[in-house]
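Engineer: Following this message is one structure expressed as structure tokens.
The values are calculated or read from the model by the stated rules, or taken from the named source; none is laboratory data. Just so it is clear, the structure is predicted and the values come from calculations on it, not from any experiment. Here the Cβ is made from the backbone with ideal geometry for all residues, glycine too, and neighbour counts use every protein chain on show.
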Amino acid sequence: MRRVLLLRPAGDPVPGADLLVTHRIVPAPFGIAATRTWDPAGAILVVSSRVTVDVLREAGAAGSLPSFRLVLAAGAGTSAALEAAGVKGAVSPVPPGAVGILAELARRGEAGRLLWPRGSDADEAPAVELSARGFDVTAPVVYVKEPLPRLDAGALAAFRAGRYDALAIGSLAALDVFLEALGAEGPADLPPVRFGVVGPETARLLVARGFPDPVVPRRPLLTDLIALLKEA
């Protein structure tokens, strides 16, 4: 059974892996207020991370989420968080992530008003593309990811010593902070490990940065990814 280190910008541990949190999530009051007061009548909601849902719930700004006529979630974890917030029937397109969301909206022939609350490090390209298609897009930043000044020294030392067989990457932002903490620029500076990510979009971006093809689970769930990496 292989030992897996999980990098996440925030969140809870996942069974089967050692967790290394890389960021502090800071709510953005202006964006949260904009989301709270935005009129959901007849509109579309897009949610691309579970963190977005958690931030809105903790700020008391999730009350209007069930009122949207269509809700698209970036993956199964985000969909589960939305259901816990009272949103029933959120659609999780395949493939997961922004690529699937854009394709699903095109497949449905959708148009009109769209709210996409997001993190400060979110890629702006999908919202720009939707605007170019004629959507009336509002994309408030509802949280900021602040890199932690110091990561867990024990986890870093164990990784440097080659005690991990696999690295589960919860986000590229988490990977960047991890590499900086190690003084590494890329995979050539790391001990030999198997890499894994939860979606094909992140896999594509990782490979573009010079990493080998990562393990990608069929479902965009960290539990599935870790199970694959432990057996890979």
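Engineer: Residues being part of a strand (DSSP E or B) and farther than 24 Å from V87 by Cβ: count how many of those fall in the stretch 1-25. So that I can check it myself, show each step before the final result.
Structural biologist: Initial filter on the stretch 1-25 (part of a strand (DSSP E or B)): 4-8, 18-21, 23-25.
Still in the running and farther than 24 Å from V87 by Cβ: 4-7, 18-21, 23-24.
Residues flagged as part of a strand (DSSP E or B) and farther than 24 Å from V87 by Cβ within the stretch 1-25 amount to 10.
Engineer: Sticking with this one: For V207, work out the one condition from (1) in contact with a Ser or Thr (Cβ under 8 Å, 6 or more places away or on another chain); (2) more than 19 Å from V21 (Cα to Cα); (3) of a type in the set (A, V, I, L, M) it doesn't fulfil.
Structural biologist: V207 satisfies every listed condition except (1).
Engineer: Here's another thing I want to ask about it. What's the total number of residues in the stretch 78-128 that are in contact with a helix residue (DSSP H, G or I) (Cβ under 7 Å, 6 or more places away or on another chain), among the small types (G, A, S) and farther than 11 Å from V46 by Cα?
Structural biologist: 4
Engineer: Is it the case that the stretch 93-105 has a residue that's surrounded by fewer than 21 Cβ atoms within 10 Å (Cβ to Cβ), modelled with pLDDT under 95, of a type in the set (A, V, I, L, M) and more than 20 Å from A10 (Cβ to Cβ)?
Structural biologist: yes
Engineer: Just a yes or no: is a residue in the stretch 190-203 under 23 Å from the mean Cα position of the chain (by Cα), basic (K, R) and at pLDDT 95 or above?
Structural biologist: Within the stretch 190-203, one or more residues are under 23 Å from the mean Cα position of the chain (by Cα), basic (K, R) and at pLDDT 95 or above.
Engineer: Within the stretch 192-232, track down each residue that is over 21 Å from P95 (Cβ atoms) and crowded, with 16+ Cβ neighbours inside 10 Å.
Structural biologist: The answer is V193, R194, K230.
Engineer: Another one. Give me the pairs: first residue in the stretch 112-138 and assigned by TED's automatic domain parsing to the domain that holds A33, second residue among the charged types (D, E, K, R) and at pLDDT below 95, beta-carbon distance under 7 Å, and six or more apart or on different chains, which are they?
Structural biologist: The qualifying pairs are G119/K145; S120/K145; D121/K145.
Engineer: Which residues, taken from the stretch 65-86, are closer than 20 Å to D39 by Cβ, crowded, with 20+ Cβ neighbours inside 10 Å and without any contact (Cβ under 8 Å) to a residue 40 or more places away in the chain? Explain how you work it out, then say what you get.
Structural biologist: Of the stretch 65-86, the ones closer than 20 Å to D39 by Cβ are 65-72, 82, 85-86.
Filter once more, keeping what is crowded, with 20+ Cβ neighbours inside 10 Å: 65, 68, 71-72, 82.
Within the stretch 65-86, L65, V71, L72, L82 meet the criteria.
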